[in-house]
């Protein structure tokens with residue numbers, strides 16, 4: 001069942017979202033060749049907990065860290081560790097925080113030093129896919145309008161959309177109904193209504209859309225080894241249009 | 001954090017050591033526990049309070065609601081035979097309550 005949030009619930013999610021946005025801004029400042037992915041996790045955890053919030057990922061279904069850190073061909077759910085970022089990598093960082101029981105969730109993909117033009121284009125197109133997904137979040141529209149907007153933009157640019165992992169409703173739990181695919185025809189699925197809160201998260205591959213899960217049972221990688229980018233925002237539908245709850249200042 | 005299309009996020013089993021569960025049957029219905037072991041088809045749970053680790057309760061898996069949260073590191077410690085204190089279990093339950101803003105008993 002898709003829950004409709006009250007104004008107060010959305011304000012709590014916005015408070016959680018502001019902390020997520022601040023943590024990601026810290027991460028963007030620290031990412032450089034040589035950065036350890038475990039240090040990204042440490043910075044995120046400290047940022048979130050010092051503001052009185054709870055990291056939403058640590059312990060979620062047993063995930064062992066406060067941030068997902070996924071490099072190059074890793075799509076999502078990478079586990080931070082002793083790995084160092086190299087010049088030319090792209091790194092996706094996904095962060096969640098809980099304030100008074102309400103969750104904010106967002107992700108960015110960041111270039112590490114100088115990266116190839118094709119990787120920069122992948123990052124840019126994925127960011128644009130998220131912008132198009134947000135623009136499709138209008139009351140009276142249909143859920144599949146969101147995925148259709150993402151798929152159209154990604155494929156027109158020669159990239160592919162991950163099918164096996166999707167966005168989701170969000171609120172008192174990180175994963176609430178509905179699932180929000182990044183593909184499909186327009187005009188299908190539930191009608192979008194004010195008060196719905198969704199985590200929109202296009203995962204776009206430079207190569208084919210197929211993915212597989214690595215030996216740690218968490219890290220999702222592209223099947224063909226091509227690079228992947230991921231952007232995410234938590235968004236509330238309002239009478240006045242979409243409200244991004246995880247926007248950076 | 002993205003959702004596995006059509007199913008669970010990861011391929012984890014329904015219950016794991018360290019996982020938060022809520023009883024839905026018996027005198028402890030509604031109470032929150034931590035999974036501390038398995039015994040045949042039963043799941044062994046404790047809350048460090050009414051049900052201590054040394055007197056953990058065997059529960060029919062059907063009588064438990066599994067939550068999404070698994071305390072990091074607890075599984076490997078228990079599996080390696082390390083002692084877990086009742087105070088630690090109480091802290092895990094308390095942390096879960098704070099995550100869910102007062103949910104559970």
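Here's the yes/no breakdown for (1) modelled with pLDDT of 95 or more; (2) touching a helix residue (DSSP H, G or I) at 6+ places or on another chain (Cβ under 9 Å); (3) on the phi > 0 side of the Ramachandran plot:
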{"site": "A:100", "(1), (2), (3)": "no, yes, yes"}
{"site": "A:111", "(1), (2), (3)": "yes, yes, no"}
{"site": "A:118", "(1), (2), (3)": "yes, no, no"}
{"site": "A:125", "(1), (2), (3)": "yes, yes, no"}
{"site": "A:132", "(1), (2), (3)": "yes, yes, no"}
{"site": "A:173", "(1), (2), (3)": "no, no, no"}
{"site": "A:198", "(1), (2), (3)": "yes, yes, no"}
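A single entry from A:14, A:29 fulfils the requirement of being within 16 Å of residue A:107 (Cα to Cα), in contact (Cβ under 8 Å) with a residue 24 or more places away in the chain and assigned to a helix (DSSP H, G or I): A:14.
Taking the numbered list (1) modelled with pLDDT of 95 or more; (2) in contact with a strand residue (DSSP E or B) (Cβ under 7 Å, 6 or more places away or on another chain) in turn, residue A:29 passes all entries but (2).
The single residue among A:147, A:169 that is under 17 Å from residue A:135 (Cα atoms) and in contact with a helix residue (DSSP H, G or I) (Cβ under 9 Å, 6 or more places away or on another chain) turns out to be A:147. For the stretch A:34-53, the criterion of being within 26 Å of residue A:83 (Cβ to Cβ) and in contact (Cβ under 8 Å) with a residue 60 or more places away in the chain is met by at least one residue.
Taken over the stretch A:218-237, residues that are modelled with pLDDT under 95 and under 21 Å from residue A:6 (Cβ atoms) amount to 0.
So for the stretch A:220-232 (the condition being more than 17 Å from residue A:13 (Cβ to Cβ) and surrounded by fewer than 13 Cβ atoms within 10 Å (Cβ to Cβ)), does at least one residue qualify?
Scanning the stretch A:220-232 turns up at least one residue that is more than 17 Å from residue A:13 (Cβ to Cβ) and surrounded by fewer than 13 Cβ atoms within 10 Å (Cβ to Cβ).
Among the residues of the stretch A:93-128, count how many are over 24 Å from residue A:159 (Cβ atoms) and free of Cβ contacts under 8 Å to residues at least 60 places away in the same chain. Going through the stretch A:93-128 one residue at a time, the tally reaches 0. If I ask for residues that are modelled with pLDDT of 95 or more and farther than 28 Å from residue A:213 by Cβ, which ones from the stretch B:32-43 would you list? If the condition is that a residue be modelled with pLDDT of 95 or more and farther than 28 Å from residue A:213 by Cβ, then B:32, B:33 are the ones that fit. From the list B:82, B:94, B:54, B:88, the lone residue that is out of contact with any strand residue (DSSP E or B) (no Cβ under 7 Å at 6 or more places or on another chain) and within 27 Å of residue A:170 (Cβ to Cβ) is B:94. Exactly one residue out of A:178, A:215 is outside any loop (DSSP other than H, G, I, E, B), within 13 Å of chain B (Cβ to nearest Cβ), more than 20 Å from residue A:18 (Cβ to Cβ) and at pLDDT below 95, and it is A:178.
Residue-level check: of (1) surrounded by fewer than 24 Cβ atoms within 10 Å (Cβ to Cβ); (2) closer than 15 Å to residue B:99 by Cβ, residue A:82 misses just (2).
The values are calculated or read from the model by the stated rules, or taken from the named source; none is laboratory data. On a predicted model such as this, the values are computed, not experimentally measured, just so you know. Glycine gets a Cβ as well: all are built from the backbone with ideal geometry, and neighbour counts include every protein chain shown.
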